[in-house]
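The values are calculated or read from the model by the stated rules, or taken from the named source; none is laboratory data. What you see is a predicted model; the values in this text were computed from it and never measured. Note: ideal-geometry Cβ built from the backbone for every residue, glycine included; neighbour counts use all protein chains shown.
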Amino acid sequence: MSGSPPGGGPQLIVYADRFAGDLARLRDLLAGPLAGAFTGVHVLPFYVPIDGADAGFDPTDHLAVDPRIGGWDDIAAIATTHDVMADIIVNHVSDESTPFRDWWERGGASAYDGMFLTFDAVFPDGATEADLTTVYRPRPGLPLTRVRTGDGRQRLMWTTFTPHQIDIDVEHERGWAYLTSIVDRLATAGVTFVRLDAVGYAIKRAGTSCFMLPETFEFVDRLAAALREVGITVLVEVHGHHLMQLDIARRVDLVYDFALPPLVLDALYRGDSGPLRRWFEIRPTNAVNVLDTHDGIGVIDVGADPTHPERPGLLEPDRLSDLVEEIHRRSDGASRKATGAAASNLDLYQVNCTYYDALGQDDERYLLARLIQCLVPGIPQVYYVGLLAGGNDVDLLERTGVGRDINRHHYDADELHAALDRPVVRRLLRLLRWRTSHPVLSTAGAAFEVVDAPPHVLHLRWSAPDGSHVLDAEIDLAGAAFSMVDHGPHGESQVGSFDEL
């Protein structure tokens, strides 16, 4: 199995305001206490506003940096030292955006007429009950919201996520022009990676699930081509059945490995590497490897296919149910308060919980999970709350009622620096610096394999292309311990703790 793609060093995932305060201080942190740990940074939506109905994923202005955290010059400055990943929110805009407000007020006379997806654009002859119930949506209810436009007409708008996020007709010339204007702006600022947010829902067709259709792949190909023309690498963000992820990976630059987080938890909970090993045998290597993100811990990614239930998942239903219950137990029930019908987000495909709390704040198992993340082919991304081994923010959850906010803590400067001084965080930073600089893990073309071992042991091996350097890592999932042996051109060395890295 081939190894990491170019640019495969660790990346930080961060809300600039919640971690550093603003973009300038984020740059200072990357050059200061985080120096050497990350080769790139995914700055989560920094557009106007950063604090909308969906924490920046509902931009009113996708071409402007929110002035409360900086400007485009700050993005460009970070890009001089680190790869920068930014989001294009492909599927929708805020109902407070200038284009939508103009269309809402002026209707067919608006310069933005056609940019927004209406019910009749997909169902010109109307829809049956079967048509509507076939539509796949990551929320309960129908993805439609009624509005009255300035010309007095009542229209049904597609709103896949929330009533405040209006879907774009990406196939209309005005929708496409809107997206390509974002591409040009990001390229000018030196952005090198783009994540296509919610792209799986972008194309709708009557009589289908309106999710990851053949036409969706054609649209992704078109948008990816526009990005590659300006030197930007494309990451596709789709939660779904693992076979769909394999299909997507064959067609794009990068895809998230959303199966990794629940499978690593399952392995550490049970002391059994079986499902994780089986995934390693088939998983794509052009992957961005995450344990945590600004969203929750995906369960749909390891379960049976929701659109084709006859296709099994990576975990059997009972084992998946046990996994979810164990997250709730180890988090002292906090994750249960933030997940499903308990929270206004009504996330049906994930458990909202910090990864540190999902492991019961067990430092050794938490660091072992990060070691696995760093040893898998692909680009490891570490979320800012995970970097700081943060616990669930139940106070924020109770204030907002939004499930995902349990994992979106706002750090002030004193809290941040205190967290960076915690032993578990210092050891994690040592691991990330080791991953960044290791001669085999940073070599294109290095070979990766899973070596036979007892079920409670995960044995991973990396080899340099010429065989001159081999790294063997044995992780004892039951005993929460590891040993690594480097067989290099200058002899052999062994490591058995994170302090020795």
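All but one of (1) out of contact with any strand residue (DSSP E or B) (no Cβ under 6 Å at 6 or more places or on another chain); (2) part of a strand (DSSP E or B); (3) at pLDDT 95 or above; (4) not hydroxyl-bearing (Ser, Thr, Tyr) hold for residue 418; state the number of the condition that does not hold.
Result: residue 418 fails condition (2) only.
When you check residue 70 against the structure, is it surrounded by fewer than 21 Cβ atoms within 10 Å (Cβ to Cβ), out of contact with any strand residue (DSSP E or B) (no Cβ under 7 Å at 6 or more places or on another chain) and of a type outside the set (A, V, I, L, M), yes or no?
no
What residue, of 404, 433, 426, is farther than 29 Å from residue 50 by Cβ, in contact (Cβ under 8 Å) with a residue 40 or more places away in the chain and part of a helix (DSSP H, G or I)?
Going through 404, 433, 426 in turn, just one is farther than 29 Å from residue 50 by Cβ, in contact (Cβ under 8 Å) with a residue 40 or more places away in the chain and part of a helix (DSSP H, G or I): 433.
Going by the structure shown, is residue 284 part of a loop (DSSP other than H, G, I, E, B) and out of contact with any Phe, Trp or Tyr (no Cβ under 7 Å at 6 or more places or on another chain)?
Yes.
If a residue has to be aliphatic (A, V, I, L, M), under 25 Å from residue 365 (Cβ atoms) and modelled with pLDDT under 95 to count, how many in the range 324-342 make the cut?
Qualifying residue count, the range 324-342: 2.
Condition first: in a helix (DSSP H, G or I) and surrounded by fewer than 17 Cβ atoms within 10 Å (Cβ to Cβ). Can you find one or more residues in the range 305-315 that meet it?
Scanning the range 305-315 turns up no residue that is in a helix (DSSP H, G or I) and surrounded by fewer than 17 Cβ atoms within 10 Å (Cβ to Cβ).
Only residues in the range 175-203 that are touching a residue at least 60 places away in the same chain (Cβ under 8 Å) and closer than 15 Å to residue 222 by Cα count as the first member; pair them with residues that are buried (at least 24 other Cβ atoms within 10 Å of the Cβ) and acidic (Asp, Glu), Cβ under 9 angstrom, at least 6 apart or cross-chain, and list the lot.
Hits for this filter: 194/87; 195/87; 196/87; 202/167.
Under the condition of being touching a strand residue (DSSP E or B) at 6+ places or on another chain (Cβ under 8 Å) and of a type in the set (Val, Ile, Thr), which residue from the range 142-170 is surrounded by the most Cβ atoms within 10 Å (Cβ to Cβ)?
Here the answer is 166.
Return a yes/no flag: does the range 51-72 have any residue that is aliphatic (A, V, I, L, M) and within 30 Å of residue 501 (Cβ to Cβ).
Scanning the range 51-72, I find no residue that is aliphatic (A, V, I, L, M) and within 30 Å of residue 501 (Cβ to Cβ), so the answer is no.
So, in the range 34-67, of the ones that are over 27 Å from residue 94 (Cα atoms) and buried (at least 18 other Cβ atoms within 10 Å of the Cβ), which residue ends up nearest to the chain's Cα centre (by Cα)?
Step by step, filter the range 34-67, then rank; the result is 40.
From 491, 401, 479, 496, which residue is on the phi > 0 side of the Ramachandran plot and either of a type in the set (D, E, K, R) or not assigned by TED's automatic domain parsing to the domain that holds residue 45 (or both)?
491 is the lone residue from the list that is on the phi > 0 side of the Ramachandran plot and either of a type in the set (D, E, K, R) or not assigned by TED's automatic domain parsing to the domain that holds residue 45 (or both).
Considering only the range 39-118, give the strands (runs of 3 or more DSSP E) lying wholly within it that have at least 2 residues that are touching a residue at least 40 places away in the same chain (Cβ under 8 Å) and not hydrophobic (A, V, I, L, M, F, W, C).
Of the strands (runs of 3 or more DSSP E) lying wholly inside the range 39-118, those with at least 2 residues that are touching a residue at least 40 places away in the same chain (Cβ under 8 Å) and not hydrophobic (A, V, I, L, M, F, W, C) span 40-43, 83-89, 92-94.
Of the conditions (1) surrounded by fewer than 16 Cβ atoms within 10 Å (Cβ to Cβ); (2) within 30 Å of residue 435 (Cα to Cα); (3) under 19 Å from the mean Cα position of the chain (by Cα), residue 31 clears all except one; give me its number.
(3)
So how many residues does the range 440-474 have that are more than 18 Å from residue 378 (Cβ to Cβ), within 29 Å of the chain's Cα centre (by Cα) and surrounded by 15 or more Cβ atoms within 10 Å (Cβ to Cβ)?
5
Out of everything in the range 258-269 that is assigned to a helix (DSSP H, G or I) and free of Cβ contacts under 8 Å to residues at least 60 places away in the same chain, what residue ends up being surrounded by the fewest Cβ atoms within 10 Å (Cβ to Cβ)?
Filtering the range 258-269 for residues that are assigned to a helix (DSSP H, G or I) and free of Cβ contacts under 8 Å to residues at least 60 places away in the same chain, the one surrounded by the fewest Cβ atoms within 10 Å (Cβ to Cβ) comes out as 269.
With the requirement that a residue be within 13 Å of residue 293 (Cα to Cα) and either small (Gly, Ala, Ser) or out of contact with any helix residue (DSSP H, G or I) (no Cβ under 9 Å at 6 or more places or on another chain) (or both), what does the range 374-388 give you?
Hit for the range 374-388 is 386, nothing else.
From the list 205, 195, which one is modelled with pLDDT of 95 or more, among the basic types (Lys, Arg) and farther than 19 Å from residue 79 by Cβ?
Just a single option satisfies the conditions, and that option is 205.
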